[in-house]
Amino acid sequence: MQEGYTVAVVGAGLVGERLVAELRRREFPLKELRVLARSARTAELDGETFEVGVAEPEAFEGVDIAFFAGTEGEKGAAVQLAPEAISRGAIVIDNGSDFRLDPEVPLVVPEVNAEAVEAHKGLIANGNCSTIQMVVTLAPIAREFGLKKVVVSTYQAVSGSGRSGVEALENGREDVYPKPILGNAIPLIGGVGEDGYTTEETKMREETRKILSLPDLPVFATAVRIPVHTGHSESVYIETERDVSLEEVLEVLRTAPGVKFSGDAADFPTPLEAAGEPGTFVGRVRVEGNVISLWCVADNLLKGAATNAVQIAESLVGAAARV
Ligand SMILES: NC(=O)c1ccc[n+]([C@@H]2O[C@H](COP(=O)([O-])OP(=O)(O)OC[C@H]3O[C@@H](n4cnc5c(N)ncnc54)[C@H](OP(=O)(O)O)[C@@H]3O)[C@@H](O)[C@H]2O)c1
């Protein structure tokens, strides 16, 4: 491990700011921290004033690790600039969805498949926010009892759409969601595919299969946006390979890496409590035969994005992991 690394954060939005905060909170060995965005400016991030630079190829000279938290798609930050960063010697950790399902790109949630990092060819993908918290919860159950089927309904916060989502909730901005978000629930996150599933629902299916190395696992998702600022919640129905008892399921969850297990049904986790916390909170566990029903909650900007990305960087450089 070097003494310190030159790190770039591309994007000064909600995830970019949390990346800056997590790098510092987890004491990642930093030599230099550059924040890059579309336009140069001074910005207050995590209580400190940063000179934000323009994200252009030359800005990656000398960078060891580049976290991408800009826009997605053909003209987005990662597609345009990740190859430039890699060609200059950086390892890219991408928060967007552009490369997640590329067979050449590891898709990593360290509690589940940390070893996948080793196969990287310069780029490592972070999972979708709703997928990450679900696989952290599913992985120990899969290891112990085997998985047959997963059915999930999500209750997703507006900060999952970045700053514009927060503006839709707080200021009534109208061009973000297909219907008003305040006082509402919108069961349509992303575009609808030919099979009727939205992009968010398809991400949950395909990414879960890849991260858990279960390519045929049946995963049925319904993704819903709700008027919560931060913290995604999920109701998950899990069919296991064999019958299980409540006690053995609780024992597995109590000791699962990354899981903060709320003891009994009365002590259920909520997004307000998960917001600002790095873990995945699980509660309301019920068991019948080979079916487990549970509720899980996590901060979409932290475990769903920044915390997971910094954990990946820690595993790359062998830095001590911090909860
Ligand atoms: N929000 C979540 O919960 C979450 C969770 C997991 C993954 N993600 C992913 O993380 C990424 C960032 O999300 P966010 O919520 O932080 O969005 P956001 O609040 O809208 O911020 C986006 C930031 O990216 C910058 N940016 C956009 N296009 C760029 C480009 N071509 N080059 C350089 N910078 C560019 C913007 O720069 P300017 O400020 O200069 O306009 C802005 O600072 C997205 O890919 C998103 O899908 C988000």
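No value in this document is a laboratory result; all are computed from the given coordinates. None of the values given here were measured: they were computed from a predicted structure. Methodologically, a virtual Cβ is constructed for each residue, glycine included, from the backbone with ideal geometry; neighbour enumeration extends over all protein chains shown.
Things to note:
- Computed [θ] at 222 nm, helices only, for the chain once each DSSP H run of length n ≥ 4 contributes -39500 (n - 2.57): -8500 deg cm²/dmol
- Size descriptor, Kirkwood hydrodynamic radius, that averages inverse alpha-carbon separations across the range 130-300, Å: 16.4 Å
- Mean-square fluctuations from a GNM of the chain, with a 10 angstrom spring cutoff on Cα atoms, peak among 178, 227, 269 at 178.
- With 0.36 nm allotted per residue and the present C-alpha distance subtracted, the residue 148-residue 30 stretch has 38.2 nm of extension available.
- Residues with amide H under 5 Å from that of residue 149, placed H, sequence gap 5 or more: 239
- Sorting 67, 50 by the number of Cβ atoms found within 10 Å of their own Cβ, with the fewest placed first, yields 50, 67.
- Kirkwood radius, the range 68-202, all distinct C-alpha pairs, inverse of mean reciprocal distance: 17.0 Å.
- For the chain, a Gaussian network of Cα nodes joined below 10 Å ranks 23, 246, 212 by mean-square fluctuation, and the top entry is 246.
- Shape category assigned to the range 7-138 from the gyration tensor of Cα positions, a/c cut at 1.5: prolate
- Extending 7 Å from the Cα toward the beta-carbon at both residue 171 and residue 121 defines two label points whose distance is 4.3 nm.
- Annotation for residue 101 and residue 317: the two label points, set 7 Å from Cα along the Cα-Cβ direction, are 3.3 nm apart.
- P(r) tail, the chain: Cα-Cα pairs separated by more than 27 Å, 41% of all pairs.
- Cα long-axis angle, helix 14-25 against the chain (0 to 90 degrees, to the nearest 10): 90 degrees
- Label-point gap, in nm, between residue 88 and residue 48 - each point 7 angstrom along Cα→Cβ: 2.0 nm
- Computed over the chain with a Gaussian network model linking Cα atoms closer than 10 Å, the most mobile of 209, 173, 18 is 173.
- Across the options 65, 289, 150, the greatest Cα extent toward the positive end of the charge dipole of the chain (unit charges at beta carbon of Lys, Arg, Asp, Glu) belongs to 289.
- Counting lysine pairs in the range 130-300 whose alpha carbons fall under 23 angstrom apart, excluding pairs fewer than 8 residues apart on the same chain, gives 5.
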